[in-house]
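**Student:** Submitted below is the structure of interest, expressed as structure tokens.
Here, each number is a calculation from the coordinates, and none is a lab measurement. On a predicted model such as this, the values are computed, not experimentally measured, just so you know. In this analysis, Cβ positions are derived from the backbone assuming ideal geometry, glycine residues included, and neighbour counts consider all displayed protein chains.
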Amino acid sequence: MNADVSCRVAWADDAPAIAAVQVRAWRASYAEVLPTTLLEALGVEEISAGWRDALTSPPDARNRVLIALERTLVTGFAVTGPAGDPDCDPVADGEISDLTVDPHQRRAGHGSRLLQAAVDTLKADRFTRAVTWLGAADDATRTFLTTAGWAPDGAHRTLDLTGDGSVQVKQVRLHTDLG
């Protein structure tokens, strides 16, 4: 194992690096879903401001942003907090609302480290179950999560990515016991 890799809680100063990873990941992951003009318009500066706000003023004390590092390079991030779905218990059910690895850094163990750090964080925040949403057609992520002990719980939803109904993504929810 490389001693120069780690995960930690993100700081406000990490916002630009997190935003850069997010933009690269979205451009890679949604290239066949979103219009090219929309993907090209994604701005690291604007997204960075949102991350800085989320890191300095989280809506709940249990909301966390974790980052994966290779030396000082941010290679991915995960977002944890109380589950927001109406059928979830916000005291018992935690959620990994985002688990993103830079497309240039995939298959190097960063996703596994982030997932474990996110689960450990949810446990430390006394959640007893965790949920996460993923694209219904995202077989790679589904395999990654089910191999780690996650399973579908039957919930599904459709996200409107553009706000006008022109780009919709079907998602399924997976869960795992944290006990």
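**Student:** Could you give the Stokes-Einstein D for the range 3-98 in µm² per second, using the C-alpha Kirkwood radius, 20 °C, 1.002 mPa s?
**Tutor:** Rounded, D is 147 µm²/s.
**Student:** Now for a separate question. In whole Å, what is the distance between the alpha-carbon centres of the range 68-106 and the range 12-33?
**Tutor:** The distance from the Cα centre of the range 68-106 to that of the range 12-33 comes to 14 Å.
**Student:** Using 7 Å Cα-to-Cβ label points, what is the residue 11/residue 27 separation (nm, one decimal)?
**Tutor:** Going from the residue 11 label point to the residue 27 one covers 2.8 nm.
**Student:** Can I ask one more? Hey, what's the Cα Rg ratio for the range 112-173 versus the globular rule of thumb, 2.2 N^0.38 Å?
**Tutor:** Compactness ratio reported: 1.30.
**Student:** Turning to a different aspect of this structure: Express the relative contact order of the chain as a whole percentage, based on alpha carbon pairs under 8 Å and six or more residues apart in sequence.
**Tutor:** Reported as a whole number, the value is 19 percent.
**Student:** Quote the charge dipole size of the chain about the Cα centre in Debye, to the nearest 20; the model charges only the Cβ of Lys and Arg (+1) and of Asp and Glu (-1).
**Tutor:** Computed charge dipole of the chain: roughly 480 debye.
**Student:** So what's the back-of-envelope 222 nm ellipticity for the chain, counting only DSSP H runs of four-plus at -39500 (n - 2.57) apiece and dividing by all residues, rounded to 500?
**Tutor:** After summing the helix terms and dividing by residue count, I get -10000 deg cm²/dmol.
**Student:** Along the range 142-148, what does the Karplus equation 6.51 cos²θ - 1.76 cosθ + 1.60 (θ = phi - 60°) give for ³J(HN,Hα), rounded to whole Hz, x for Gly and Pro?
**Tutor:** 4, 4, 4, 6, 5, 5, 8
**Student:** Same structure again: Please give the peptides 115-126, 164-175 ranked by average Cβ packing (other Cβ atoms within 10 Å per residue), highest first, as a rough proxy for protection.
**Tutor:** Packing proxy ranking, top to bottom: 115-126, 164-175.
**Student:** Give, to the nearest whole percent, the P(r) tail of the chain beyond 28 angstrom, counting all Cα pairs.
**Tutor:** 21
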